[in-house]
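See structure below.
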Amino acid sequence: FGMPPTMAPLLPAYQAGRLAVVHATGSPDPTRSHCDAQDFMERAAPSDFSVYDGWLNRTLLAAGATQSLSGVTIGGAKALALAGSAPSMNFYSLSSYKLSGAYGTERRAALQTMYQSVAATLVGRSSGELFQSLDNVAAIQNTSTVPYPNTGLARTLRDVAALIRADVGVRAVAISMGGWDHHEREPENMARVLPELAGALAAFDQDLGAAQGRTLLVTMTEFGRTVEENGSAGTDHGHGSLAFVLGGGIHGGRVLLKDGQWPGLAPAQRFESRDLQVTTDFRDLWAEILDRHMGLPEVAPVFPRHAVSPSNYPGLFA
């Protein structure tokens, strides 16, 4: 295995043992539908359309999280992984999470006065939590001496690093990066997204400072790509892929495979003769993280109808 030269910013973290690659991982469901595969991944329930809440939301419930800032999605819409009954928040950026428009102080005072009459109701309590979260986010200092790339992912991860350093109760953060559906012109497309990903992750890792050991970042994708190139210099929807795992006290500097075995890319070794096999179920990867990084006393409820066993963990902390 080798790291593409365009991902060179991640090499120091790999060499320092803070970055690991879990290969041949993904969903056991064979779908090639973006929508179904994304839902299965974020709900950690492959092939099961009866599960509606997200695996990160179930994680927050298992951790006993009660603050609205316990779970955060930074982006245009709340991540499906955080959907559910546990409290969580969604905002586009730290700087945008505020009352917009003129006379903000006066409008806030009027709103708080209006909701005081129903303070004991669900609406009243929710409004109180909203104003408290506005104050908590406004107090976060989003200044950094680390030079981040000028990309959308980097700006978002800069906000995430500021949230973590502020220690305001955040337990799980979900963000997304699009632009990986390369049915055509894959060489030039990968030359754009790979350095964007690597540069943002490397800056985030450096920016965490003393929080590096208590913060773990994992990349997720709904499926990989086919092994063979199509007629448009691209690759189509596939199956197995890989995950980058950064920080959190892992034993990195390794490429981790189920039982140490590479499934192979020869036609007879592929899934449906097309794709990299999935040998590590992504739920086992996440279960190890929840168990050995977050210290959840009970991991099984996060993964319905999946037999969680340490024997299936990839071995990030071994």
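The values are calculated or read from the model by the stated rules, or taken from the named source; none is laboratory data. Computed from a predicted structure; not experimentally measured. Quick reminder, even Gly has a Cβ in these numbers, built from the backbone with ideal geometry, and neighbours come from all protein chains shown. Only protein heavy atoms, including side chains, enter the accessible area calculation; ligands, DNA and RNA are left aside. Shrake-Rupley method; radii C 1.70, N 1.55, O 1.52, S 1.80 Å.
Given the conditions (1) of a type in the set (Gly, Ala, Ser); (2) open to solvent by less than 50 Å² (accessible area, probe 1.4 Å); (3) assigned to a loop (DSSP other than H, G, I, E, B); (4) touching a Leu at 6+ places or on another chain (Cβ under 9 Å), which single one is not true for ALA243?
Status for ALA243: all satisfied but (3).
Can PHE1 be described as of a type in the set (Phe, Trp, Tyr), open to solvent by 20 Å² or more (accessible area, probe 1.4 Å) and without any contact (Cβ under 8 Å) to a residue 24 or more places away in the chain?
Judged against the criteria, PHE1 is not a match.
Which of the numbered conditions does SER127 fail, given that it passes all the others? Conditions: (1) over 24 Å from the mean Cα position of the chain (by Cα); (2) crowded, with 18+ Cβ neighbours inside 10 Å; (3) outside any helix (DSSP H, G or I); (4) hydroxyl-bearing (Ser, Thr, Tyr).
(3)
Looking at (1) part of a helix (DSSP H, G or I); (2) surrounded by fewer than 18 Cβ atoms within 10 Å (Cβ to Cβ), can you tell me which one THR59 breaks?
(2) is the only condition that THR59 fails.
Residue check: is SER95 free of Cβ contacts under 8 Å to residues at least 24 places away in the same chain, part of a loop (DSSP other than H, G, I, E, B) and farther than 25 Å from GLU42 by Cα?
Taking the combined requirement at face value, the residue does not satisfy it.
Residue pairs, Cβ under 9 Å, 6 or more apart or interchain, first in region 182-200 and within 19 Å of GLU228 (Cα to Cα), second surrounded by fewer than 17 Cβ atoms within 10 Å (Cβ to Cβ) and of a type in the set (Phe, Trp, Tyr). List them.
Hits for this filter: ASN189/TRP180; MET190/TRP180.
Checking LEU10 against (1) assigned to a loop (DSSP other than H, G, I, E, B); (2) open to solvent by less than 20 Å² (accessible area, probe 1.4 Å): exactly one of these is not met. Which one?
Just one mismatch for LEU10, condition (1).
Given the conditions (1) surrounded by 15 or more Cβ atoms within 10 Å (Cβ to Cβ); (2) at pLDDT below 90; (3) within 17 Å of LEU163 (Cβ to Cβ); (4) touching a Gly at 6+ places or on another chain (Cβ under 8 Å), report the number of the one that TYR115 does not fulfil.
(3)
Only residues in region 231-259 that are under 27 Å from PRO187 (Cβ atoms) count as the first member; pair them with residues that are of a type in the set (Lys, Arg) and surrounded by fewer than 20 Cβ atoms within 10 Å (Cβ to Cβ), Cβ under 6 angstrom, at least 6 apart or cross-chain, and list the lot.
Listed pairs, sorted by first residue: ALA233/ARG185; HIS237/ARG32.
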